[in-house]
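Please read the structure below before turning to the comments.
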């Protein structure tokens, strides 16, 4: 439990320390697919309120999304570009290495309401 809280804290720090110069090409196929799966639109600075939103992380040349919602208590959900959920028990990625080395690209998408 403590490691999950530590990981979430690190992700939050990454989230708030991102810079605007991390522009991402939204025309990539996997982004469009992810947006459609979750009814997302590109983020343009609006406050998420109770909408789902996705922060983009880059790790070892791959993109991962952290899907969150300020009003829900389900915590952060990490997914691949294809929508496959990953967690600390998965062997898909090394979470400790991910939390130390993943680069946040900031909020990429927000739920279209």
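The values are calculated or read from the model by the stated rules, or taken from the named source; none is laboratory data. Note that the structure is predicted; figures quoted are calculated from it, not measured. Cβ coordinates were reconstructed from backbone atoms using ideal geometry, including for glycine residues, and neighbour counts include every protein chain displayed.
Across region 47-62, the number of residues qualifying as closer than 13 Å to residue 109 by Cβ and modelled with pLDDT under 90 comes to 1. Within region 24-40, the set of residues being part of a helix (DSSP H, G or I) and at pLDDT 85 or above comprises 31, 32, 33, 34, 35, 36, 37, 38.
Within region 67-88, the residues that satisfy the criterion of being part of a strand (DSSP E or B) and closer than 17 Å to residue 39 by Cβ are 67, 68, 77, 79. Of all the residues in region 40-55, those that are within 16 Å of residue 79 (Cβ to Cβ) and either out of contact with any strand residue (DSSP E or B) (no Cβ under 7 Å at 6 or more places or on another chain) or loosely packed, with under 13 Cβ neighbours inside 10 Å (or both) number 0.
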